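For reference, the structure is listed below as structure tokens.
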Amino acid sequence: MYKILIVEDQEKIRNELGELLRRYGYEVVIIEEFENVLEDIKKAEAHLILLDINLPVYDGYYICKEIRQTLDTPIIIVTSRDSDMDELMSMNLGADDFVTKPYNTQILLARISVLLKRTYAGYQEVVQFNNFKINFSKGILINDGQEVELTKNEIKILACLTKDKGCIVSREDLVSYLWDSEWFVDDNTLTVNINRLRKKFESIGVENVIQTKRGQGYFIE
């Protein structure tokens, strides 16, 4: 089940949208207080974010820009602002799509579905190893009744490493797979993601899953 985060200050709209998404099988998280909106967005670890522009405290442009500093979660701007400049600015700040209000609910649902499939396509739903499972559709690691949630980048790293178990995947190939072009990513960014992922394995009692082959890359035993 994909988790969708709604960042919308109008209670009626966010509640109606949340009800719609739940009817279509999505898990929904709704932000209702906006003083700590950036922290709440990161904590939600959603698969997709629906983000309004006209918000209290920080507007959607600022939030979108800040999200893109640390997360590559798909973002759809959903707003009553409908100028070409609004759409262009949203895309330049890292949004993946732009939908104007009032929207056709079926078109919005279709855009959500397309973006999720494009982002997470190719993952097996569940991969079983000797001492743990990866549930790609839910974005969790499981071991002996313990679970820990994965970010989108962590899901993609594991998808890449588990395609051919035991085979080494180079750092360059991982960077290219994660961010489309190695030229736009600091090499240290991959190291940070790998280290966080290792800590998540350790938090559920699984040690030494991701191995480093010096000068070559990473592999899963």
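Quick look at the numbers
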quantity	calculated
Residue ID - nearest to the chain's Cα centre (by Cα), chosen from residues in the stretch 16-55 that are surrounded by fewer than 17 Cβ atoms within 10 Å (Cβ to Cβ) and under 15 Å from Tyr103 (Cα atoms)	Leu20
Exclusive hit being in contact (Cβ under 8 Å) with a residue 24 or more places away in the chain and over 19 Å from Asn36 (Cβ atoms), set Leu88, Leu48	Leu48
Evaluation of Lys65 against (1) within 22 Å of Asn104 (Cα to Cα); (2) open to solvent by 70 Å² or more (accessible area, probe 1.4 Å); (3) among the basic types (Lys, Arg) (one fails), failing number	(1)
Any chance Ser83 is of a type in the set (Gly, Ala, Ser) and either in contact with a strand residue (DSSP E or B) (Cβ under 7 Å, 6 or more places away or on another chain) or open to solvent by 70 Å² or more (accessible area, probe 1.4 Å) (or both)	no
Matching option when the condition is within 14 Å of the chain's Cα centre (by Cα) and either among the hydroxyl-bearing types (Ser, Thr, Tyr) or closer than 30 Å to Gly205 by Cα (or both), among Thr119, Thr100, Thr79, Thr105	Thr119
Candidate set from the stretch 139-173 (those that are touching a Cys at 6+ places or on another chain (Cβ under 9 Å) and crowded, with 17+ Cβ neighbours inside 10 Å); member that is modelled with the highest pLDDT	Val169
Odd one out for Lys65 among (1) of a type outside the set (S, T, N, Q); (2) more than 21 Å from the chain's Cα centre (by Cα); (3) part of a helix (DSSP H, G or I); (4) more than 23 Å from Lys138 (Cα to Cα)	(2)
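The values are calculated or read from the model by the stated rules, or taken from the named source; none is laboratory data. What you are looking at is a predicted structure, and each value in this text was computed from that prediction instead of being measured. Positions of Cβ are backbone-derived with ideal geometry, glycine not excepted, and every protein chain shown enters the neighbour counts. Accessible surface is based on the protein model in full, side chains and every heavy atom, while ligands, DNA and RNA are left aside. Shrake-Rupley method; radii C 1.70, N 1.55, O 1.52, S 1.80 Å.
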